[in-house]
1. What is the distance, in nm, between label points placed 7 Å from the Cα along the Cα-to-Cβ direction at THR195 and at ASP236?
2. In percent, how large is the relative contact order of the chain, given Cα pairs closer than 8 Å and 6 or more residues apart?
3. Please sort by residue number the trypsin sites (Lys or Arg not before Pro) in the range 1-99 whose DSSP state is loop and whose Cβ has at most 15 other Cβ atoms within 10 Å.
4. How far apart, in nm, are two points set 7 Å out from the Cα along the Cα-to-Cβ line at SER34 and at THR154?
5. Show the residues, 5+ positions off or on another chain, whose built amide H is closer than 5 Å to the amide H of LEU113.
6. Would any residue of the range 40-81 have its amide N under 19 Å from a label point 7 Å out along Cα→Cβ of ASP94? List them or say none.
7. In nm, to one decimal, how far is the modelled label at LEU301 from the one at GLU161, with both set 7 Å along Cα→Cβ?
8. Residue by residue through the range 39-52, what is 3J(HN,Hα) from phi via Karplus (6.51 cos²θ - 1.76 cosθ + 1.60, θ = phi - 60°)? Round to whole Hz and write x for glycine and proline.
Amino acid sequence: MRFDANEDMAALMSGLEQIALGEGTEWEPSGDWSRQVWSQTLDSALDENGYYDAAEVETLGPVAAAALVCRLSRLAVNVEAAASALLRPVLGVDLPRPLAVDAGRQGGAIRFLPQARALLRLTDTGATYALLAEGDVTELPTLAAYPMGALTGTPDWQRLEADPEQLRDLWRVAVAAELTGAMRGGLDAVVAHVTDREQFGRPLGTFQGIQHRLATAASRIEAAQWLTLRAAQQIDPADATIALGYTASISTQVVYDLHQFMGAMGLTLEHPLHRWSYRLRFLRSELGGATENLQLAADRLWRDA
């Protein structure tokens, strides 16, 4: 795997950084004190400038899409990037976005469904999609830090010809990218806190015990990002399960450590840490979580041994 970005990748990420630091991305408590904020301004800017189409560009591909999802997941606001950037280009159907994905939670709450114009359903036996009309979705109250909804209408489901296992592996990469970005966003917020907050006349971040644990968290997140980008570049089934399995497995300890150094402030709605930690709680069980994905990785690596 190449660690240096090519010219097009560098240009994409430079432009993305400017948008990610621009209008509609700043942290502020939601007006109703909910745990999530959907940024239509940011989503529109990314869509109109073609960022969600990065995977279709020959010199960028899925690795650029995964890097994009990692970066956007660091923000305290929500946009639907993972399905649009990694799944939509390979479906063989030009589905409208935002695109919600149901990968095993049939009958339950589905994230991004209130904003979605299409719903993709992934099962072990196939993939189907439905275009959503007014009245098909009910928005749900939630602690998940994502906009959540339930399918209450009866849309017309259509079968996709795309390989369902390939779609599930791409979704594993997408979820791993979201997990990685959410952990990084939480870490950035905590580092800023311990840099500014003083105890015993000195910043918390100068205490060696805190530095060591934050450094450990940072190294684990960095490993998760490289595993995710490798899986996106290789499009290998084993790599996809390893990326999601590892990333989900470290998220519990990372969240625990981040909240330890925030104290009670990390549990309040006045600080953004809850935005990432509640997303991580939801994401870590996707597609079977760490246990099922690491077991599947072992099966895929050694089934022919």
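No lab work stands behind these numbers, since they all come straight from the coordinates. Remember, predicted model here, so these are calculated numbers, not experimental data. Using ideal geometry, Cβ is built from the backbone for each residue, glycine included, and neighbour counts are taken over all protein chains shown.
1. Label-label distance for THR195 and ASP236, simple model: 3.7 nm.
2. Reported as a whole number, the value is 18 percent.
3. Those that pass, being in a loop and sparsely packed, are ARG2.
4. 2.8 nm
5. GLY149
6. Within reach of a label on ASP94: 47-58.
7. Result: 3.6 nm between the two label points.
8. 9, 5, 4, 5, 4, 5, 4, 5, 5, 5, 9, x, 5, 6
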